[in-house]
Amino acid sequence: MTKVWYNVNMSKNDSLHNAKRAKNDEFYTQYADIEREMNAYLEYNPDVFRGKTILLPCDDPEWSNFTKYFAQNFETFGLKKLISTSYAADSKSPEIAYQPTLFEMDDPKFDKDKTRSRGKIFILENDKNKDKKIDINDLKWDYLEGDGDFRSEEVCKLRDGADIIITNPPFSQFREFLAWVESANKFFCMIGNMNAITYKEVFPLIQHNKAWLGNGFSHGNAYFGIPQDAVAEYANGVYDSKTKLVKFRNCCWFTNLDHGRRHQPLSLMTMADNLKYSKHKEIRERGYPKYDNYDAIEVSYTDAIPSDYKAGMGVPISFLDKYCPEQFEIEKFRKGDDDKDLTYTISDNSGTERERERERSALRRITPYFRIIIRSKM
């Protein structure tokens with residue numbers, strides 16, 4: 001689940017803008033999606049979580065599916081400790097409704113002032129209720145000293161004591177959150193927008209195999225719950241009134257935990273076969289244009305990468321979902337030798353036959369969207 005906060009000293013217009021952004025930045029991850037992703041790491045390494053302390057920041061532990069999942073599997077995974085933290089209600093937009101849960105209100109520690117001004121922490125590490133098993137019923141909780149901001153000193157201390165950090169951070173804070181995790185040299189798994197690949201803080205980690213894409217959402221579709229008062233912000237087809245979920249195709253998991261799919265080479269055709277049989281008409285008709293400002297060819301589709309081409313190839317960022325580091329190396333991102341965006345030039349053969357004949361020598365310069373230059377290792 002994602003959370004955002006805003007400065008109460010902002011102007012009215014800024015506050016309204018951030019209130020809207022807050023509603024559009026708060027997504028609740030489904031249990032099945034968490035289970036699917038974690039299973040990929042467990043299949044690759046059954047002991048990936050054994051003896052580890054897991055921190056789940058940016059959470060609401062009373063009902064978060066992240067907390068539920070790891071609490072219910074605490075003994076199965078052999079966890080050492082599970083820690084969840086949440087933001088204070090007052091650190092969020094006032095347009096997002098807040099009501100303490102009965103779990104909190106029925107506890108003697110409940111404080112009507114602290115519940116709004118402070119974040120909360122939940123810890124699971126032993127059989128608190130003495131029923132001879134450790135599960136969600138053994139969670140103990142308290143108020144944090146501060147509002148639960150991941151940059152606060154107390155949450156930083158929790159980060160430093162954890163082995164693995166797993167969460168769905170605020171999309172608007174993704175860069176800073178990843179830097180916060182990476183600066184402490186921790187294992188992590190977090191949800192983000194696919195376009196985060198293009199961030200200057202993120203791409204170098206991927207290029208040097210310090211981070212990669214996770215197993216991913218089923219069929220590339222991510223479904224999230226949202227606050228009820230944010231429903232109006234989404235168009236029909238994005239929000240499903242029956243399931244009460246919003247659908248995104250541009251979300252993925254970023255991680256440095258290994259999984260098996262990452263090491264499965266792509267099955268590809270040779271260049272000659274692509275030019276003859278590719279399902280993409282432009283490949284069959286036009287082939288692979290060369291960039292004007294870099295020694296590489298343009299490959300507009302991952303499945304059209306020629307298996308026998310050994311020089312540079314510019315591919316879409318979606319390639320990283322199929323990237324096998326044993327099969328390819330990543331050379332650079334987006335820019336040519338002139339430090340400008342990669343471009344290539346093609347003949348413009350559109351229009352009628354007479355127009356095509358008249359404009360046969362006309363050239364069209366194309367700047368494709370964010371290309372990654374790769375080379376084959378095989």
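Key figures for this structure:
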{"quantity": "Any hit, the range 232-255, residues being of a type in the set (G, A, S) and more than 26 Å from the chain's Cα centre (by Cα)", "calculated": "no"}
{"quantity": "Answer residue from the range 275-307, given it is aromatic (F, W, Y) and free of Cβ contacts under 8 Å to residues at least 60 places away in the same chain and is nearest to D338 (Cα to Cα) among those", "calculated": "Y291"}
{"quantity": "Sole exception among (1) buried (at least 18 other Cβ atoms within 10 Å of the Cβ); (2) in contact (Cβ under 8 Å) with a residue 24 or more places away in the chain for V181, by number", "calculated": "(2)"}
{"quantity": "Looking only at the range 274-301, and only at residues there that are hydrophobic (A, V, I, L, M, F, W, C) and either touching a Leu at 6+ places or on another chain (Cβ under 9 Å) or modelled with pLDDT under 95 (or both), the one that is nearest to M313 (Cα to Cα)", "calculated": "A296"}
{"quantity": "Enumerated helices (runs of 4 or more DSSP H) restricted to the range 1-97, each holding at least 1 residues that are touching a strand residue (DSSP E or B) at 6+ places or on another chain (Cβ under 7 Å) and at pLDDT 95 or above", "calculated": "31-44, 65-72, 74-77"}
{"quantity": "Which listed residue, of D113, D149, D106, is surrounded by 13 or more Cβ atoms within 10 Å (Cβ to Cβ) and at pLDDT below 95", "calculated": "D149"}
{"quantity": "Output for the range 184-202, where each listed residue is of a type in the set (V, I, T) and either crowded, with 20+ Cβ neighbours inside 10 Å or assigned by TED's automatic domain parsing to the domain that holds D341 (or both)", "calculated": "I191, I197, V202"}
{"quantity": "Number of the exception - E233 against (1) within 27 Å of L213 (Cα to Cα); (2) touching a residue at least 60 places away in the same chain (Cβ under 8 Å)", "calculated": "(1)"}
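The values are calculated or read from the model by the stated rules, or taken from the named source; none is laboratory data. What you see is a predicted model; the values in this text were computed from it and never measured. We place every Cβ from the backbone using ideal geometry, glycine too, and count neighbours over all the protein chains shown.
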